[in-house]
Amino acid sequence: MPDFDYSSTDPTNQSLLESPSGWSDLPSDTEEMLFFSPEEVADFRGEKRQQLIEQAQEGRVKARLEEEKQMLQDSVNEECWGDSDEEVSFIV
């Protein structure tokens, strides 16, 4: 019976062979953590998580400050025009 090379006809094998592999496929921190002890990995991940939480909080604070700034500007504009849109009132 002749030998048949199944790998050449199987599309999943072809895609696996053509896909790149190495450090570029992994998250950027993986290489740094390669030689860490389990405790160091846990600390590293905890610090990373804390940084993400702080960045998200800073983003929310900035957005809220911008919102308050816009509300204040709107209220100043409203007071300046007397809550009217270019209405002319004559005093007799």
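Results, tabulated for the structure shown:
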read-out	value
Some residue of region 31-41 being of a type outside the set (A, V, I, L, M, F, W, C), part of a loop (DSSP other than H, G, I, E, B) and at pLDDT 80 or above	yes
The listed residue being closer than 30 Å to SER28 by Cβ and at pLDDT 65 or above, out of GLN51, GLN73	GLN51
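The values are calculated or read from the model by the stated rules, or taken from the named source; none is laboratory data. Note that the structure is a prediction, hence the values are computed from the model and not measured. A quick note on method: Cβ atoms are made from the backbone with ideal geometry, for glycine too, and the neighbour counts reach across all protein chains shown.
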